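The values are calculated or read from the model by the stated rules, or taken from the named source; none is laboratory data. Just so you know, these numbers come straight off a predicted model, no measurement behind them. Cβ sites come from the backbone with ideal geometry, for glycine too, and all protein chains shown count toward neighbours. Heavy atoms of the whole protein, side chains included, go into the accessibility calculation; ligands, DNA and RNA do not. Shrake-Rupley method; radii C 1.70, N 1.55, O 1.52, S 1.80 Å.
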Amino acid sequence: MPSATSLDSALSAWRAALGEGGVTSEGAVLDRYARTTQPEGARPACVVYPKSTGDVRAALAIAAEHGIVAYPISRGRNWGYGDACAPMSGAAIFDLSGMNRIIEVNPELGYVVVEPGVTQAQLYARVREEAPGYWLDCTGAGEDASVLGNVIERGFGHTPYGDHVRTLCGMEIVLADGEVLRTGFCHYGGARAAHVYPYGVGPILDGLFTQSNYGIVTRIGLWLYPRPEAFRFFFVRVEREDALGALVDALRPLRMRGILNSAVHIGNDLRIISSLRRYPWETTGGAAPLTPELRARLRREHGVGVWNVSGSLAGTAGHVRAAARALRRAVRPVGRIAFVDDRKIALAHRAVSVLGRFGLGGRLARQLEALIPNYGLLKGIPTDAPVIGAQWRLRAPAPGAACDPRDAGCGLLWISPVLPLRGRDAEDLVAMTAPLFAKHGFDFLATFTMLNERSMVAILNVAFDKAVAEETRAAADCYHAVMGALRSGGFVPYRLSVYGMREWVDREDVFWRTAGRIKRALDPRDIIARGRYVPPLDAGMDSE
Ligand code: ADP
């Protein structure tokens, strides 16, 4: 915590530099930023609102002068990974949501250049208007989440451009000493290939500014996915619990050869059901987790399998037809496949509205409800629907639309280990972790996403009700138990929450010591996002 006098003096300096509205330390505002879906959050000392790269430089100089940690957020929708909270209390949150200019939309080469505050919905609208031949790749974090924050966290979406770091091309970063670094070719004024050739000449520095605290990113170039001639959504329903390994092994050759090129998702029953309804507390009389019988009943009611694959085929009409044939053949031994395209969706909608007039079509409506948001995401349309899944364990329904899980009182801890794209690894992971969820009173919610040709990311989530203290404690215990099991099983997460970092950051590890040495070179006073990924310098982590 900064001392009261240094905070007061910093607040006056920020006010002088950014104007009256450029900073606040009002209690109610700080309380809002401290809200979190994690078991505990961190209350900031103040919130600073830069509007330009120049503002970021000026504001950072003031933070450094007063020894106050500056924690940058783009829009602060890092749900389940720390939300808008810094790792420690007393930071100045640098809320960059006011830096929301879309600097370029290039319809010829299919890229955009954006500032940190640009939202998924905002960029989607602009791309539709100015580059209709392209799709944006969105995450499930909602319409109001930033584009940039997810990219620099190395997040992923759903189209063939799902691996976001692969589409990053040219960055602007404010360093702790106020210098503005431009990566790739961007530091050569007038470079024609600045946003189409990512490597630049010399060392590739971009990676240093993802999942780190080496600078404040103020601009990125990002590639858009060229709208395909043909597009088909597919959905595979698998009824056998023990078919996961066979399913993964059946899909691997298709993914590796590029026949399947979107980010294919395999979700378990409860992961899908939890995005459609809350836990049936009334039926279980308050008991958790679900019994196998009740779980099977919910599956029947919602028309979902034990495992459910969703993805898309995109390309020329001929490619899509051939890929659909190959996919149908590959999955035949394990599950039932269905294909959907725009025409079928429109027909189904019409059918639901006609049947609805006669009080029929409820099941079809429920299936459409499960399908549509995913269908949209596969075409780069942002939606708030997946965020609603965080409400699974709430005892009382959230008021209104409640697209912010913090408003609804949701507890959410993501656990996201990477595994080889191989059936036996998926089965091992489930065998190691699912019993731990049950032991702590939670349902196993899981998806596996084939992010690239050789690996998958498993996303497990501990969903809990923050209003129930006992459940919040159990969620924390469950989280640590699962992380421990993953560590001993050789499964490392692709991304860490503010809450989970300590489990994976090892003081003796040369990797983290080296990360500390780079931090010391760039930000010796440890002002930017202290403790975010790179261990705090004062903890002696970078010493020889
Ligand atoms: P989103 O609104 O897309 O969810 P956040 O603003 O929550 O994204 O960002 C996710 C995380 O990325 C933050 O917690 C922070 O650690 C880091 N981050 C976000 N924006 C920046 C930035 N402009 N520069 C450096 N780090 C950032």
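Does GLY267 satisfy the criteria of being of a type outside the set (A, V, I, L, M), farther than 24 Å from GLY311 by Cβ and in contact with a strand residue (DSSP E or B) (Cβ under 8 Å, 6 or more places away or on another chain)?
Here the answer is no, as GLY267 does not meet what is asked.
All but one of (1) in a strand (DSSP E or B); (2) charged (D, E, K, R); (3) modelled with pLDDT under 95 hold for GLU172; which doesn't?
(3)
Could we say that VAL320 is hydrophobic (A, V, I, L, M, F, W, C) and either under 29 Å from the mean Cα position of the chain (by Cα) or surrounded by fewer than 13 Cβ atoms within 10 Å (Cβ to Cβ) (or both) here?
Taking the combined requirement at face value, the residue satisfies it.
Consider region 215-235. How many of its residues are within 16 Å of the ligand (Cβ to nearest atom) and open to solvent by less than 50 Å² (accessible area, probe 1.4 Å)? Break it down stepwise before answering.
At the first step, the residues of region 215-235 found to be within 16 Å of the ligand (Cβ to nearest atom) are 215-222.
If we keep only those that are open to solvent by less than 50 Å² (accessible area, probe 1.4 Å) too, we end up with 215-218, 220-222.
Selection size over region 215-235: 7.
May I ask you to list the residues in region 473-497 that are open to solvent by less than 30 Å² (accessible area, probe 1.4 Å) and under 22 Å from the mean Cα position of the chain (by Cα)?
ALA475, ALA476, CYS478, TYR479, VAL482, MET483, LEU486, PHE491, PRO493, ARG495, LEU496, SER497
Taking LEU413 as meeting all but one of (1) farther than 18 Å from ALA390 by Cα; (2) surrounded by 22 or more Cβ atoms within 10 Å (Cβ to Cβ); (3) within 16 Å of the ligand (Cβ to nearest atom), write down the number of the exception.
Unmet for LEU413, out of (1) farther than 18 Å from ALA390 by Cα; (2) surrounded by 22 or more Cβ atoms within 10 Å (Cβ to Cβ); (3) within 16 Å of the ligand (Cβ to nearest atom): (1).
Is region 24-43 home to any residue that is in contact with a Cys (Cβ under 9 Å, 6 or more places away or on another chain) and among the basic types (Lys, Arg)?
Yes, some residue in region 24-43 is in contact with a Cys (Cβ under 9 Å, 6 or more places away or on another chain) and among the basic types (Lys, Arg).
Would you be able to tell me the number of residues in region 64-93 that are under 15 Å from the mean Cα position of the chain (by Cα) and on the phi < 0 side of the Ramachandran plot?
8
Count, please, the residues in region 87-103 that happen to be near the ligand (Cβ under 8 Å from one of its atoms) and in a loop (DSSP other than H, G, I, E, B).
Total meeting the criteria: 0.
Show the residue pairs that are 6+ apart or on different chains and have beta-carbon atoms under 8 Å apart, the first residue being within region 98-116 and among the acidic types (Asp, Glu), the second being part of a loop (DSSP other than H, G, I, E, B) and crowded, with 18+ Cβ neighbours inside 10 Å.
GLU104/HIS195; GLU115/MET99; GLU115/ASN100
In region 104-122, which residue that is within 13 Å of the ligand (Cβ to nearest atom) and buried (at least 24 other Cβ atoms within 10 Å of the Cβ) is nearest to the chain's Cα centre (by Cα)?
First pass over region 104-122, keeping only residues within 13 Å of the ligand (Cβ to nearest atom): 114-122.
Next, from what is left, pick out any that are buried (at least 24 other Cβ atoms within 10 Å of the Cβ): 114-116, 118, 120.
Details: VAL114: 18, GLU115: 18, PRO116: 15, VAL118: 16, GLN120: 12 Å.
Residue satisfying both the conditions and the ranking: GLN120.
I'd like to know if region 138-156 contains one or more residues that are away from the ligand (no atom under 13 Å from the Cβ), in contact with a Pro (Cβ under 8 Å, 6 or more places away or on another chain), in a strand (DSSP E or B) and in contact (Cβ under 8 Å) with a residue 40 or more places away in the chain.
No: region 138-156 contains no residue that is away from the ligand (no atom under 13 Å from the Cβ), in contact with a Pro (Cβ under 8 Å, 6 or more places away or on another chain), in a strand (DSSP E or B) and in contact (Cβ under 8 Å) with a residue 40 or more places away in the chain.
Can you tell me which residues in region 209-257 are under 30 Å from ALA64 (Cβ atoms) and not aliphatic (A, V, I, L, M)?
PHE209, THR210, GLN211, SER212, ASN213, TYR214, GLY215, THR218, ARG219, GLY221
For LEU276, are the conditions met, namely being among the aliphatic types (A, V, I, L, M) and surrounded by fewer than 22 Cβ atoms within 10 Å (Cβ to Cβ)? Give the steps one after another, and end with the answer.
On the way: among the aliphatic types (A, V, I, L, M): yes; surrounded by fewer than 22 Cβ atoms within 10 Å (Cβ to Cβ): yes.
Yes.
If I filter region 285-297 for residues that are at pLDDT below 95 and in contact with a Pro (Cβ under 8 Å, 6 or more places away or on another chain), do I get at least one hit?
The answer is no, given that none of the residues of region 285-297 is at pLDDT below 95 and in contact with a Pro (Cβ under 8 Å, 6 or more places away or on another chain).
Are any residues in region 49-75 open to solvent by less than 10 Å² (accessible area, probe 1.4 Å) and within 13 Å of the ligand (Cβ to nearest atom), and if so, which ones?
PRO50, VAL56, ALA59, LEU60, ALA70
Going residue by residue through region 194-214, is there one that turns out to be touching a Pro at 6+ places or on another chain (Cβ under 6 Å), surrounded by 20 or more Cβ atoms within 10 Å (Cβ to Cβ) and either without any contact (Cβ under 8 Å) to a residue 60 or more places away in the chain or among the basic types (Lys, Arg) (or both)?
No - not one qualifying residue is present in region 194-214.
Looking at GLY490, GLY423, GLY441, which is the one that is within 23 Å of ARG277 (Cα to Cα), at pLDDT 95 or above and more than 16 Å from the ligand (Cβ to nearest atom)?
From the options GLY490, GLY423, GLY441, the qualifying one is GLY441.
Between a residue in region 244-259 that is in the same structural domain as PRO420 (by TED's automatic domain parsing) and closer than 11 Å to VAL331 by Cβ and any residue that is open to solvent by 10 Å² or more (accessible area, probe 1.4 Å) and among the β-branched types (Val, Ile, Thr), which pairs come within a Cβ distance under 8 Å, given they are 6 or more apart or on different chains?
Within 8 Å, the pairs are ALA246/VAL334; LEU247/VAL334; ALA250/VAL334.
One line per residue, one yes/no per condition, for (1) near the ligand (Cβ under 8 Å from one of its atoms); (2) under 17 Å from VAL387 (Cα atoms); (3) assigned to a loop (DSSP other than H, G, I, E, B); (4) hydrophobic (A, V, I, L, M, F, W, C):
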position: TRP79; (1), (2), (3), (4): yes, yes, yes, yes
position: GLY82; (1), (2), (3), (4): yes, yes, yes, no
position: ALA125; (1), (2), (3), (4): no, no, no, yes
position: ARG128; (1), (2), (3), (4): no, no, no, no
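Name the helices (runs of 4 or more DSSP H) wholly within region 191-297 that hold at least 1 residues that are within 30 Å of ASP342 (Cα to Cα)?
244-256, 269-273
Suppose we filter TRP307, TRP281 for residues that are touching a residue at least 24 places away in the same chain (Cβ under 8 Å) and open to solvent by 10 Å² or more (accessible area, probe 1.4 Å); which single one remains?
Details: TRP307 fails: open to solvent by 10 Å² or more (accessible area, probe 1.4 Å).
The conditions single out TRP281.
Quick one: MET88 ticks every box in (1) over 27 Å from CYS186 (Cβ atoms); (2) in contact with a Ser or Thr (Cβ under 9 Å, 6 or more places away or on another chain) except a single one, so which number is it?
Failing condition for MET88: (2).
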